[in-house]
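Participant: Have a look at this one before I ask anything.
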Amino acid sequence: MKVWFVGAGPGDPELLTVKARRVLASARVCVWAGSLVNPRILEALPPECERHDSAGMSLEEILAVADRCRARGIDLVRLHTGEPALYGAIGEQMRALDARGIAYEVIPGISAFQAAAATLKAELTAPEVAQTVVLTRTAGRTPMPATENLEALAATGATLCVYLSAHGVAEVCARLTPFYGPDCPAAFVYHASWEDERVLRGTLADLPARVAASGLARTALILVGRALSQGALPASRLYDRAFSHGYREGQP
């Protein structure tokens, strides 16, 4: 018996990995994150698959399902949103499974920041502008480590992808403005890759007003950084004809 932690991806069923779809297709029991996973992903499960929505379950209740699966000698699919390694709360589940002697495997998924970049048609790293991408969140009921506050991260000038903070977009933009400037490109991507996806583009100065007017306040990603500029950015030297590397001799 094994527990399969499956990354459901950002929402679009076609963004499931081949391995994830294969495991879902043979699932007999599935615990899925009903508050976050697109219900269309469940269409990959067999009709007879036993389903449990973890939105209303505690850790103990989820583990009880795993215990029952072990007693029956069948695998359990634990379907998480996006990429399970990011804000997926799988660590505590894996530690509990270790204590029980239950084997498990993780199937990675595409994360919301990747889907958001795709829909924005943006490269999050731009030569000479930003070569680092930071995935972070703001404090809520889960506190942030003191060294990981927004100001400390903003001081790097990296492209920031701020999760789980859609409700606080005005605060996020205000805290980042002293580091990036009010004219810095910013975007708010709601339900990246879902059927009802919405994209709000702007700057740190005007994005909060755009979001407030939209009425959107949950399940969105905030992206900030000069690499998001839709104007001219420095080109990579990789394809510069004068640039030599191990596979090509530069031309005059």
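Participant: The list (1) -0.54, -1.15, -1.34; (2) -0.39, -1.05, -1.20; (3) -0.34, -1.05, -1.29 gives values of log10 I(q)/I(0) by the Debye sum over Cα atoms at q = 0.08, 0.15, 0.17 Å⁻¹, and only one came from this structure; which label was calculated from it?
Facilitator: (2)
Participant: Okay, next question. Taking only C-alpha pairs under 8 Å that are 6+ residues apart, what is the relative contact order of region 47-122 in percent?
Facilitator: Normalised by residue count, the contact order of region 47-122 is 27 percent.
Participant: How much accessible area per residue does the chain have, in Å², with a 1.4 Å probe?
Facilitator: 52 Å²
Participant: Which whole-number percent is the relative contact order of region 41-179 (Cα, under 8 Å, 6+ apart)?
Facilitator: 16 percent
Participant: Something else: Would you mind calculating the relative contact order of the chain from Cα pairs under 8 angstrom and at least 6 residues apart, reporting the percent as a whole number?
Facilitator: Relative contact order of the chain: 20 percent.
Participant: Cβ neighbours within 10 Å, averaged per peptide: list 144-154, 8-18, 193-203 in order, most packed at the top.
Facilitator: Most protected by this proxy first, the peptides run 8-18, 193-203, 144-154.
Participant: What translational diffusion coefficient, to the nearest whole µm²/s, does region 30-69 have by Stokes-Einstein, given a Kirkwood radius computed over alpha-carbon pairs, a temperature of 25 °C and 0.890 mPa s viscosity?
Facilitator: 227 µm²/s
Participant: While we're looking at this one, here's another question. Dividing the Cα convex hull volume of region 1-104 by residue count, how many Å³ per residue is that?
Facilitator: Per-residue hull volume (Cα only) is 89 Å³.
Participant: In a solvent-free Debye calculation with one equal scatterer on each Cα, what is log10 I(q)/I(0) for region 95-208 at q = 0.10, 0.20 Å⁻¹, listed in the order of the q values?
Facilitator: Values returned for q = 0.10, 0.20 Å⁻¹ are -0.37, -1.17.
Participant: Can you give the Rg to Rh ratio for region 117-170, taking only C-alpha atoms and Rh from Kirkwood?
Facilitator: 1.00
Participant: Something else about it: Quick check: convex hull over the Cα atoms of region 59-159, volume per residue in Å³, rounded to an integer?
Facilitator: Spelled out: Cα convex hull of region 59-159, divided by residues, is 143 Å³.
Participant: Carbon and sulfur: what percent of the chain's accessible surface (1.4 Å probe)?
Facilitator: Carbon plus sulfur share of accessible area: 54 percent.
Participant: Hey, another quick one. For the peptides 116-126, 27-37, what is the packing order when you average, over each peptide's residues, the other Cβ atoms within 10 Å and list the highest mean first?
Facilitator: Per-residue Cβ counts within 10 Å, averaged per peptide and sorted highest first, yield 27-37, 116-126.
The values are calculated or read from the model by the stated rules, or taken from the named source; none is laboratory data. Remember, it's a predicted structure, so these values are computed and weren't measured experimentally. Here the Cβ is made from the backbone with ideal geometry for all residues, glycine too, and neighbour counts use every protein chain on show. Remember, those area values only see protein heavy atoms, side chains included, never the ligands or the DNA or RNA. Shrake-Rupley method; radii C 1.70, N 1.55, O 1.52, S 1.80 Å.
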